[in-house]
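Colleague: Here's a structure for you.
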Amino acid sequence: NCLSLGDMAERLRAMPDDVFKERHRRFLEIAGPVLQAWDDALDEERAIDFEDMLNQAAEHLEQGRYLSPYRLVMADEFQDASRARARLCRALVQAPGRFLFAVGDDWQSINRFAGADVSVMTRFHQWFGQGQVLRLEQTFRCPQALCDVSSHFISANPSQIAKQVRSSMPSHGPVLQAFQVASRELITDAVGQYLQRLHEACLAGAIPAGRDGRLQVFVLGRYNADRAALPGNWKARFGATMEVGFLTAHRSKGMEADYVILPGMLDGAFPNTRADDPVLSLAMPSGDTYPLGEERRLFYVALTRARRSVAMFTVVGKRSSFLDELEREGAVQVTTIDGKPVREERCPACGT
């Protein structure tokens with residue numbers, strides 16, 4: 001974002017005197033010499049890094065030292081644009097008779113940790129001026145019932161761009177299920193039981209096979225550690241009817257499977273209530289201020305990887321707030337792995 005150490009120190013001085021201010025000051029004390037050493041090393045090699053490429057290129061264009069030869073610039077995955085990338089796109093089309101065509105889905109902006117700024121898309125007109133908005137509202141992946149649930153969930157954030165997602169894809173049973181077990185150690189076994197049911201139903205012809213003759217199943221974790229929920233012997237047990245793989249929710253973006261399993265729907269895990277370290281505020285724009293906005297988008301991405309159904313797994317007394325929200329909205333009922341409804345007594349004061 002073209003901020004110097006002095007710029008970040010000025011931001012720090014403007015911050016309120018709260019519990020993080022001293023931590024931020026010490027961070028700059030430590031990080032400053034590292035950043036300076038990096039810049040010195042680049043100078044010594046007469047080199048630039050990727051962010052330099054973006055910012056220096058934009059500067060050349062903005063100051064007229066280079067004239068863009070392009071009449072049309074097209075940007076894909078625009079929801080992941082950083083301010084530097086948006087600045088370069090804008091500089092390329094600043095002359096009259098130049099046009100920018102950007103495609104993206106702000107509901108799937110999940111890379112703020114890498115510099116993405118969703119406001120580049122949600123406030124597009126502030127960046128680039130007036131333009132025509134075309135909404136791509138038809139999906140060819142999820143059944144309508146899953147589209148409705150996921151769209152309602154993400155739209156709780158008023159800063160997301162409104163749209164109505166439509167689908168003509170057929171449903172195969174319930175689109176959302178949630179299973180609760182007694183302890184975290186039992187999640188892998190419960191996932192195995194769920195896969196066993198899919199396996200038996202496929203053998204019996206109760207559910208159709210996948211596109212290549214086998215069901216495709218994703219186990220999606222918030223973290224790599226959630227890989228432990230994938231039964232190690234799945235290939236020997238279920239390989240005849242399905243292909244099962246593990247991905248983090250971040251890495252699953254752009255991919256799809258017949259069935260999605262979310263094994264880590266636990267309080268403090270998904271959503272991660274500390275998704276961004278507060279020190280990022282020294283260098284990053286404020287972006288989306290809605291509580292857990294980025295985590296909501298990541299959960300939306302995880303839900304919408306499924307062509308048929310999503311199964312969520314949680315633990316007694318440790319239920320994810322996102323799962324709580326879906327249950328309150330009537331989108332899903334939490335049951336045991338045997339299908340018996342779970343009714344928990346909550347503390348009337350704190351809700352836990």
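Colleague: Suppose only helical runs count, i.e. DSSP H with n ≥ 4. What mean residue ellipticity at 222 nm does that imply for the chain under -39500 (n - 2.57) per run, divided by all residues and rounded to the nearest 500 deg cm²/dmol?
Modeller: -10000 deg cm²/dmol
Colleague: In region 296-352, which GluC sites (Glu not before Pro) are in a loop and have at most 10 other Cβ atoms within 10 Å, using DSSP for the loop call?
Modeller: Glu345
Colleague: Quick one: compute a quarter of the convex hull surface over the Cα atoms of the chain and quote it in nm².
Modeller: That works out to 22.6 nm².
Colleague: Right, something else. Express in Å², to the nearest 10, the accessible area of Ile48 obtained by rolling a 1.4 Å probe over the protein heavy atoms while all chains stay in place.
Modeller: Surface open to solvent at Ile48 totals about 80 Å².
Colleague: May I pose another question? With a 1.4 Å probe and every protein chain kept in, tell me what percent of the accessible surface of region 30-82 is carbon plus sulfur.
Modeller: 57 percent
Colleague: Report the local net charge at Phe140: Lys and Arg +1, Asp and Glu -1, summed over other residues whose C-beta lies under 11 Å from its C-beta.
Modeller: +2
Colleague: What number comes out for accessible area per residue over the chain if the probe is 1.4 Å? Units Å², please.
Modeller: 54 Å²
Colleague: Continuing with the same structure: Roughly how many Å is it from the Cα centre of region 1-42 to that of region 79-112, as a whole number?
Modeller: Cα centroid of region 1-42 versus Cα centroid of region 79-112: 27 Å apart.
Colleague: While we're here: Can you give the local net charge around Leu220? Use residues other than it whose beta-carbon is closer than 11 angstrom to its beta-carbon, Lys and Arg +1, Asp and Glu -1.
Modeller: Summing Lys/Arg as +1 and Asp/Glu as -1 gives +4.
Colleague: Let me ask something else about it. Please list, in order along region 60-68, the HN-Hα scalar couplings obtained from phi with the Karplus expression 6.51 cos²θ - 1.76 cosθ + 1.60 (θ = phi - 60°), rounded to whole Hz, x for Gly and Pro.
Modeller: For region 60-68, the Karplus curve yields 4, 5, 4, 8, x, 6, 9, 9, 5 Hz.
Colleague: Quick one: Cα convex hull volume of region 86-200, Å³ per residue?
Modeller: Roughly 171 Å³ of hull volume per residue.
Colleague: Would you please calculate the Kirkwood hydrodynamic radius of region 275-336 over all C-alpha pairs and express it in Å, rounded to one decimal?
Modeller: Evaluated on region 275-336, it is 14.1 Å.
Colleague: Give me the Kirkwood hydrodynamic radius of region 76-142 in Å, from all C-alpha pairs, to one decimal place?
Modeller: Roughly 12.8 Å, rounded to one decimal.
The values are calculated or read from the model by the stated rules, or taken from the named source; none is laboratory data. A quick note: this is a predicted structure, and the numbers were derived from the prediction, not measured. Here the Cβ is made from the backbone with ideal geometry for all residues, glycine too, and neighbour counts use every protein chain on show. Please note that ligands, DNA and RNA were not included when accessible areas were found on the heavy atoms of the full protein model with its side chains. Shrake-Rupley method; radii C 1.70, N 1.55, O 1.52, S 1.80 Å.
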